[in-house]
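To start, the structure itself, in structure tokens.
The values are calculated or read from the model by the stated rules, or taken from the named source; none is laboratory data. Since we're looking at a predicted model, the values are computed, not measured. Note that each Cβ is placed from the backbone with ideal geometry, even for glycine, and that neighbours are counted across all protein chains shown. Surface areas here come from the heavy atoms of the whole protein model, side chains and all, with no ligands, DNA or RNA. Shrake-Rupley method; radii C 1.70, N 1.55, O 1.52, S 1.80 Å.
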Amino acid sequence: MTRTFRMNEVQPRLLDETGQGIIGAPLVRPEGHLKVSGQATYAAEAKVENLAHGVLVRATITKGRVLRVDEAGVRDMPGVLAVHMTDERMIRNPAQGMMGESPVRDGKYIEYLGQPIGVVVADTFEQARDAAQRLKLEYSEEEAEVDPDNASETEWTDKEDYGDIDMAMDKAAHSVDEEYITAAHVAGAMEPHAAIAVWEGDKVTLHGSCQLVQFNVKELADALNIEEENVRILSPYIGGGFGSKLGISNEAVAAAIAAKDLGRPVRVVMSRQQVFDAVLRRTETTQRIRLAAEADGTLLGIEHRDRVSNLPNEGFSEPTNQATHFLYGGANRRYRQETARIHRNPSGSVRAPGEAVGMVALETAMDELAEASGVDPVELRLRNIPETHPETGLPYSARMLAECLKDGASSFGWDQRQSPRARREGDWFTGMGVASAARMNMLLPSEARVILTPTGAIVETDMTDIGTGTYAILGQIAGEMLGLPRELVEVRLGDSSFPKAAGSGGSFGAASSGSSVFLACKAIRDQIADKMGCGGDDLTLSNGLARCGNVEKKLEDLIDSDIVEVAQIKPGDTRKEAFSSGFGAHFAEVAVHAWTGEVRVKRMAGTFAAGRILNERTARSQCWGGMIWGIGTALTEAAEHDPRRGHIITRDFANYHMPAHLDVPQLDVKFLEERDDYANPIQAKGIGELGISGAGAAVTNAIYNACGVRIRKFPAHPDVVLEGLMAFD
Amino acid sequence: MRPFDYTRPENLEVASQALTDGATPIAGGTNLIDLMKLQIMTPEHVVDLTRLPGLSDIDGTPDGGMRIGALVSNSVLAGDPTVRRAYPVLARALLAGASGQIRNKATTGGNLLQRTRCPYFYDTAMPCNKREPNSGCSAQGGIARMCAILGTSPECIAAHPSDMAVAMRALDAQVEIRQTSGETRTLPVGDLYLLPGDNPAKEYALEAGEVITAVILPAPVSGARQTYRKVRDRASYAFALVSVAAVVKMDGDTIESAQLAFGGIGAKPWRDTEVEDVLAGEAPSDELFAKAADVLLRDAWTEESNAFKAPLAKRTLISALRDATGLSGETHFDMGDAA
Ligand SMILES: Cc1cc2nc3c(=O)[nH]c(=O)nc-3n(C[C@H](O)[C@H](O)[C@H](O)COP(=O)(O)OP(=O)(O)OC[C@H]3O[C@@H](n4cnc5c(N)ncnc54)[C@H](O)[C@@H]3O)c2cc1C
Ligand code: SF4
């Protein structure tokens, strides 16, 4: 029986009372050694007999129909087993996160260059790849628009207005009105998208790289026109997701179709180029921000408009203004979003959808306001922290934004900051920048089973670990609650036959699935307390011992058979009582070359408050990763689209520049002690995306402070900075 | 990748014969194998040069120069004590290229002959005259960020991507080539490369069956300051937007001589002695350097997406010369060159 718990009211901080003492501890990941020694079996490595190999076929036009496939030309090639083209079950693109149904399908119709339109299967990977590359297709091609700035078809979101921003701009003592452009990004996870499909009768097992298993089961079943019960997904290890594996993707559907037809397991792995072709990218954005402020910098209002793009019939538009709604005050607010329907490859969620690029614009605009009003950028932010949510009026559940800004400023040495172009060593200018971080926090339904045996505990949930540390933290929560060292807790993840979890996405995974494990353990504790003859509150569990008052017993002596509890967390009324978000502050110091516009980040520090930190090591690692993405957004990363064909031409890691080691200085990450009582029963908040939110703006604001060049086009490649520098000549 | 025969001859005669018969040589394979995977190069017979004797040595030459075997890896060459002391511009250029792992595999000969990084050359959905003669040039009107602005033609605007070759051009290196006859010929490194003209598919002045056996450096210019300045889209592990190899000798307060070569902007590793003539005998100044840059760029032809390369090249040259002549006053702030 599943115990369901709704987060209707604030819960006691039980994890502060328990006795094992491992919650929050910087324990290493239990599966870490498997990963670094090659023993963790990722999707493509599952041991399956008699495997055939499929390679996806790439559409080489932007829009149109497949007229003819010269199958005969490759059928007779050695090893070739099957050519699946124009199968109407082939999905156009990966599903958006949490869709739970198949994305658009039409095996013959092409809507972006690079669309996987079929799969060739052979005995070996090399044979399949050769045949897939040689396959000749004839198309009837149609005109396709690929330029978001000149799209004839655009969709506007509903008008969203509070007060009157035009009036506020009119009476403002200081104002900012600027446009910001950010490049498209691709989540190039280290493990490319990969799947092995194995059929037994009507049932398919997919070894996949999937972030949201319970939704992916539904999506795959729907794409294949089969019942959900007939799909099992195994996704124990994922080599990075970053949103790109939220929805079922082309390789999984292709593997399942091919394997069914062939009566033999089939593996399909995307090449790196195919990842750039077909995986949902982060849209490019054009954002216009208007800020109206009083003489002392206090905001009267904010307007945040943006244009993003996606394919027709995709339900996702980058929520660019997500953090703008609640980060700063000001009674007059306006939001507009325009989605251009074009035939670039489709867009979707990429790490911190919304904040990652939206906050770069907002936090740059705030820096511009600081300059305009003569108020220090840290002080300006402090002055504009609203009492309550500026649009809903809700209080904040736990918000240490001010503390983060102040703590960060003092440990970074912010008081050493000088005016623009004041610090120059040789031909290098040096400067500092700041930006706030905010990523709203969510609680989603999530279920887990915990089994207490005489020798330890087992946690089972279809939750995933996308490299973030789920194995570590769920083991810690169970160990803490049950009084066991983490080594005695086995965590089993990523199997759709386990209880359904929230999955990994939107920074909701750890707190949601952690809460379910917590609740199941709590139920087990109650049973133990019963056996001990005391109330749950009086029970202490540590190192395999149960204690009530002066009675102490060994856990193993208390349990004659396994205790099994299944618990589910559901969001409830607390989210209507308070608004929950993680907050933080980024500080960066950069050097800018006066002649070439090269930028080097010299130091960077982030102070964050994200509720209870479950494992300081894995949390820190998330923040490092986020800040590095911030450096990429600021300085290096751009998916370049061909202006005629729309596809990404920077299709490998030599051309798509995420930060290399030399781009990343020592990153200091600090967590402030916080509990978010409204968030969930473990008082934790999401942390996977907080570190990226705002980070890029700290870097580009530092560029301004260094050399006086305001960055409004991201990334700030040397030519972008150079253009500004030349204005000083 | 298509199926291919693979042989690994133990001597040059056998290798040379196979190459004359149409085989393709492979050394480190760091470029060739990528191209084979994408079916941009589809050799039927690959001849592995890596077991050939005598091509992996670095030796002094009688006139005080250096002979670098074609199979010497980029890592070994960059770390060679003599190179670091006498030809630091070469060591720096090598270390500014690729990554540690790639440099361990990449060879001197293979580096010289690596193919362009124009992204359209690697994208078989797009027309490319270099890959498929007479199909068109997608870089024009496309994303030409990595393409050249000097020495290009209406048929092709690709840049040669090698950093090492830029340094070697500044150093007046010669390439030693074994002909099919078994004889050896040498070629100034600049003459190894052909401009695209109307046949961008033909890139090198090598005949079928010819193998690069070594690169020969003349004795170093004594007392010259050497620097390699590479500007790119991230601090390491990226091809050059613009790079400058400079070997500058001062005579008191004036420039006695300057040997300059450029990467990222030329259809081949670029050198233009008229630029050097502007500098010789003059006192260093930003104005002088700007004048030299204007000479360099007098025939520059840019696309919208790489128009920035002209001002960037100008300012990178000024910066490199400021460093080499001491004007910038900085010797310690050396960030970003050691990948
Ligand atoms: C991700 C990435 C980043 C890179 N970044 C840079 C960079 O920043 N700067 C830079 O300069 N380079 C860079 N490179 C390129 C790298 O330097 C070259 O791939 C390498 O030097 C090629 O050497 P190789 O021995 O592996 O050549 P191979 O791949 O073996 O051969 C290259 C070509 O040369 C021919 N060949 C090889 N040896 C001989 C010979 N002795 N005689 C005749 N023909 C021969 C082959 O047939 C082939 O056509 C990068 C490469 C990669 C993959
Ligand atoms: S520049 Fe040269 S390599 Fe690039 S697309 Fe044009 S022809 Fe091909």
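For (1) in contact with a Ser or Thr (Cβ under 8 Å, 6 or more places away or on another chain); (2) away from chain B (no Cβ under 14 Å), each residue gets a yes or a no:
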residue: A:252; (1), (2): no, yes
residue: A:273; (1), (2): no, no
residue: A:305; (1), (2): no, yes
residue: A:316; (1), (2): yes, yes
residue: A:322; (1), (2): no, yes
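Looking at region B:104-153, which of the residues that are among the charged types (D, E, K, R) and open to solvent by 40 Å² or more (accessible area, probe 1.4 Å) is farthest from ligand 2 (Cβ to nearest atom)?
Residue satisfying both the conditions and the ranking: B:105.
Which residue, of B:299, B:286, B:233, B:251, is within 16 Å of ligand 1 (Cβ to nearest atom) and of a type in the set (Asp, Glu)?
Working: B:299 fails: within 16 Å of ligand 1 (Cβ to nearest atom); B:286 fails: within 16 Å of ligand 1 (Cβ to nearest atom); B:251 fails: within 16 Å of ligand 1 (Cβ to nearest atom).
On inspection, the qualifying residue turns out to be B:233.
Can you find, within region B:234-283, the residue that is nearest to residue B:299 (Cα to Cα) among those that are free of Cβ contacts under 8 Å to residues at least 12 places away in the same chain and within 14 Å of chain A (Cβ to nearest Cβ)?
Going residue by residue through region B:234-283, those that are free of Cβ contacts under 8 Å to residues at least 12 places away in the same chain are B:234, B:238, B:251-252, B:273, B:277.
When the remaining residues are screened for being within 14 Å of chain A (Cβ to nearest Cβ), the result is B:234, B:238.
Details: B:234: 28, B:238: 26 Å.
Filtering first and then ranking leaves B:238.
Out of the strands (runs of 3 or more DSSP E) lying entirely within region A:64-160, which hold 3 or more residues that are under 33 Å from the mean Cα position of the chain (by Cα) and under 30 Å from residue A:304 (Cα atoms)?
Values: elements: A:64-69, A:80-85, A:116-122, A:137-141, A:154-156.
Fully inside region A:64-160 and qualifying: A:154-156.
Inside region B:178-189, can you point out the residues that are surrounded by fewer than 24 Cβ atoms within 10 Å (Cβ to Cβ) and under 17 Å from residue B:65 (Cβ atoms)?
B:184, B:186, B:187, B:188
Please find, within region A:594-618, the residue that is least open to solvent (accessible area, probe 1.4 Å) out of those that are of a type in the set (Lys, Arg) and assigned to a strand (DSSP E or B).
Here the residue is A:600.
If you go through region A:99-130, how many residues are open to solvent by 20 Å² or more (accessible area, probe 1.4 Å), within 14 Å of another protein chain (Cβ to nearest Cβ) and touching a residue at least 12 places away in the same chain (Cβ under 8 Å)?
Matching residues across region A:99-130 total 5.
Which residues, counting only those in region B:293-306, are small (Gly, Ala, Ser) and within 14 Å of another protein chain (Cβ to nearest Cβ)?
Selection gives B:293, B:305.
If you check B:211, B:175, B:166, which single one turns out to be within 11 Å of ligand 1 (Cβ to nearest atom), over 15 Å from the mean Cα position of the chain (by Cα) and either open to solvent by less than 20 Å² (accessible area, probe 1.4 Å) or within 14 Å of chain A (Cβ to nearest Cβ) (or both)?
Exactly one residue qualifies, and that residue is B:211.
Hey, any hits in region A:459-475 for a residue that's more than 21 Å from the chain's Cα centre (by Cα) and part of a helix (DSSP H, G or I)? Write out each step before concluding.
At the first step, the residues of region A:459-475 found to be more than 21 Å from the chain's Cα centre (by Cα) are A:459-460, A:475.
Now narrow it down to the ones that are part of a helix (DSSP H, G or I): A:475.
Among the residues of region A:459-475, at least one is more than 21 Å from the chain's Cα centre (by Cα) and part of a helix (DSSP H, G or I), which makes the answer yes.
Looking for whichever is within 14 Å of chain B (Cβ to nearest Cβ) and either among the basic types (Lys, Arg) or touching a Cys at 6+ places or on another chain (Cβ under 8 Å) (or both) here; the options are A:35, A:63. Which one fits? Walk me through how you get there before you give the answer.
Numbers: A:35 fails: within 14 Å of chain B (Cβ to nearest Cβ).
Of A:35, A:63, the one residue that is within 14 Å of chain B (Cβ to nearest Cβ) and either among the basic types (Lys, Arg) or touching a Cys at 6+ places or on another chain (Cβ under 8 Å) (or both) is A:63.
Tell me, which residue of region A:142-152 that is touching a residue at least 24 places away in the same chain (Cβ under 8 Å) and farther than 19 Å from residue A:649 by Cβ is surrounded by the fewest Cβ atoms within 10 Å (Cβ to Cβ)?
From region A:142-152, those touching a residue at least 24 places away in the same chain (Cβ under 8 Å) are A:142-149, A:151; that's our starting set.
Cutting the leftovers down to farther than 19 Å from residue A:649 by Cβ gives us A:142-143, A:151.
Numbers: A:142: 14, A:143: 8, A:151: 18.
Step by step, filter region A:142-152, then rank; the result is A:143.
Run down B:67, B:131 and say which single residue is over 25 Å from residue B:265 (Cα atoms) and either within 14 Å of ligand 1 (Cβ to nearest atom) or at pLDDT 95 or above (or both).
Numbers: B:131 fails: over 25 Å from residue B:265 (Cα atoms).
The match here is B:67.
Okay, residues lined up against (1) under 26 Å from the mean Cα position of the chain (by Cα); (2) farther than 27 Å from residue A:593 by Cβ:
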{"residue": "A:376", "(1), (2)": "no, no"}
{"residue": "A:398", "(1), (2)": "yes, yes"}
{"residue": "A:401", "(1), (2)": "yes, yes"}
{"residue": "A:407", "(1), (2)": "no, yes"}
{"residue": "A:410", "(1), (2)": "no, yes"}
{"residue": "A:415", "(1), (2)": "no, no"}
{"residue": "A:424", "(1), (2)": "no, no"}
{"residue": "A:429", "(1), (2)": "no, no"}
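Residue-by-condition table, conditions (1) open to solvent by 10 Å² or more (accessible area, probe 1.4 Å); (2) within 16 Å of ligand 2 (Cβ to nearest atom); (3) without any contact (Cβ under 8 Å) to a residue 40 or more places away in the chain; (4) not hydroxyl-bearing (Ser, Thr, Tyr):
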site	(1), (2), (3), (4)
B:67	yes, no, no, yes
B:73	yes, no, no, no
B:78	no, no, yes, yes
B:86	yes, no, no, yes
B:93	no, no, no, yes
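Could you say which residue among B:242, B:211, B:231, B:215 is among the aliphatic types (A, V, I, L, M), away from ligand 2 (no atom under 16 Å from the Cβ) and over 19 Å from residue B:161 (Cβ atoms)?
Details: B:242 fails: over 19 Å from residue B:161 (Cβ atoms); B:231 fails: over 19 Å from residue B:161 (Cβ atoms); B:215 fails: over 19 Å from residue B:161 (Cβ atoms).
None of the others qualify; the one that does is B:211.
Residue A:388 - would you say it is touching a His at 6+ places or on another chain (Cβ under 7 Å), free of Cβ contacts under 8 Å to residues at least 40 places away in the same chain and either open to solvent by 30 Å² or more (accessible area, probe 1.4 Å) or among the β-branched types (Val, Ile, Thr) (or both)?
no
Is it the case that residue A:655 is outside any loop (DSSP other than H, G, I, E, B) and either touching a Pro at 6+ places or on another chain (Cβ under 9 Å) or within 14 Å of another protein chain (Cβ to nearest Cβ) (or both)?
Judged against the criteria, residue A:655 is not a match.
Would you check which residues across region A:212-243 are out of contact with any Leu (no Cβ under 6 Å at 6 or more places or on another chain), open to solvent by less than 10 Å² (accessible area, probe 1.4 Å), among the aliphatic types (A, V, I, L, M) and assigned to a loop (DSSP other than H, G, I, E, B) and list them?
The one that is out of contact with any Leu (no Cβ under 6 Å at 6 or more places or on another chain), open to solvent by less than 10 Å² (accessible area, probe 1.4 Å), among the aliphatic types (A, V, I, L, M) and assigned to a loop (DSSP other than H, G, I, E, B): A:238.
Considering only region B:236-245, how many residues are of a type in the set (S, T, N, Q) and either within 21 Å of residue B:293 (Cβ to Cβ) or away from ligand 1 (no atom under 11 Å from the Cβ) (or both)? Reasoning before the result, please.
First, the residues of region B:236-245 that are of a type in the set (S, T, N, Q): B:236, B:243.
Next, only the ones that are either within 21 Å of residue B:293 (Cβ to Cβ) or away from ligand 1 (no atom under 11 Å from the Cβ) (or both) stay: B:243.
So the answer is 1.
Could you tell me whether any residue of region B:307-327 is within 23 Å of residue A:723 (Cβ to Cβ) and away from chain A (no Cβ under 11 Å)?
no
Can you name the residue in region B:87-115 that is within 21 Å of residue B:262 (Cβ to Cβ) and within 12 Å of another protein chain (Cβ to nearest Cβ) and is also farthest from ligand 1 (Cβ to nearest atom) among such residues?
Here the residue is B:95.
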